[in-house]
1. Over segment 5-183, what relative contact order in percent results from Cα pairs under 8 Å that are six or more residues apart?
2. Fewest first, what order do 363, 40, 70 take by the number of other Cβ atoms within 10 Å?
3. Counting only Cα atoms, I'd like the Rg/Rh figure for segment 279-419, Kirkwood definition for Rh.
4. How would 292, 252, 119 line up from fewest to most surrounding beta-carbon atoms within 10 angstrom?
5. Using Cβ counts within 10 Å as a stand-in for footprinting exposure, how do 109, 360 rank, fewest first?
6. For segment 111-185, what's the relative contact order in percent, using C-alpha pairs closer than 8 Å and at least 6 residues apart?
7. Can you compute the radius of gyration and Dmax for segment 5-183, using only the Cα atoms, both in Å?
8. Using alpha-carbon pairs under 8 Å, 6+ residues apart, how would you state the relative contact order of segment 279-419 in percent?
């Protein structure tokens with residue numbers, strides 16, 4: 001047999017799963033968007049620095065100026081800032097203009113030994129570049145991140161050639177990694193409101209879905225409880241019908257034999273009917289029989305019944321059901337004294353049943369007439385909470401009303417009025 005814990009675990013999984021899937025999908029989407037954004041910024045920056053470096057290396061003024069300083073130094077005796085002063089004067093304004101217009105951090109132009117002719121910092125001019133030089137001065141291009149005098153930067157290095165292809169220097173263009181990180185953070189900050197908005201929408205949608213699933217679970221639970229109650233009630237009614245049929249056969253047999261006294265004795269025995277108090281009619285034979293029966297039932301429950309009927313005619317089945325259920329409910333609630341009053345008034349029946357029991361909790365007053373609701377334990381297993389529901393349906397079906405309040409006897413008071421039949 002399946003463990004009762006499994007349905008609860010499965011139900012919890014079904015409730016939590018939509019939220020988990022939604023948040024996971026959103027998190028993955030945001031993470032992918034951030035990664036794509038960062039890669040896009042880096043690729044665009046790389047294209048920009050490489051494009052600026054190549055354009056500047058192909059500039060005629062740059063090529064001509066670098067051709068004039070090829071003899072200013074040798075690998076063993078590098079040129080210094082004084083040796084390169086004329087070239088710096090000619091190229092530094094160009095480098096600064098290009099750097100500003102292209103939005104890069106620096107533009108460095110070197111001679112054929114890699115000695116800087118231009119640089120944003122004057123102290124770095126006339127100093128040999130410390131990073132990748134040899135391969136570029138041999139004619140290759142370079143693109144990557146290196147740490148230089150200004151910190152780590154994404155840089156492009158392109159050789160400068162004369163018309164005959166001789167390498168006379170190089171151009172290095174770089175953007176600081178910190179600047180790329182700032183651009184990335186700015187882009188992510190612009191993306192953040194969309195991510196938060198998507199998170200809010202996803203959370204609301206997930207909550208709505210979870211609430212819908214929970215409502216379906218509760219509805220299924222209610223249906224299951226109602227079905228179980230219906231099965232118990234049906235079984236009880238079937239058993240009672242069978243027992244009642246058996247008793248009718250016994251009564252029929254006794255009457256058929258002419259043994260009326262034995263039949264009456266048997267009926268009194270099986271229905272717990274006893275002669276209690278005054279058995280005089282109170283408005284008609286049905287009303288008198290109802291008084292007799294209710295008194296006997298309440299006596300079985302340890303309660304005394306008082307009746308005050310002023311009726312123009314007898315009681316019908318519906319009125320008897322209302323009175324009997326209200327009196328029985330009082331006795332079962334623990335009352336020792338129950339008073340029932342009935343009056344005829346212009347075609348309507350006015351009544352009240354009050355007792356000295358524990359009364360009705362005001363917080364439950366609006367629920368006690370609901371089918372299946374009861375404050376008493378169900379020792380039989382067949383279900384409780386049907387008497388007051390029957391009273392409510394009977395009264396309302398006859399254009400009446402019923403209300404509950406405090407009784408002068410100390411317990412509860414049920415007052416009702418409905419059409420006479």
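Read the figures in this text as sums done on the coordinates, not as results from a lab. Bear in mind that the values here come from a model prediction, so they are computed numbers and not experimental data. Note that we place each Cβ from the backbone using ideal geometry, even for glycine, and neighbour counts take in every protein chain shown.
1. Working: 270 pairs, mean separation 40.7, N = 179.
For segment 5-183, the relative contact order is 23 percent.
2. Result, fewest neighbours first: 363, 40, 70.
3. Looking at segment 279-419, the ratio lands at 0.94.
4. 252, 292, 119
5. Ascending number of Cβ neighbours within 10 Å: 360, 109.
6. 25
7. 24.2, 89
8. Relative CO of segment 279-419 lands at 22 percent.
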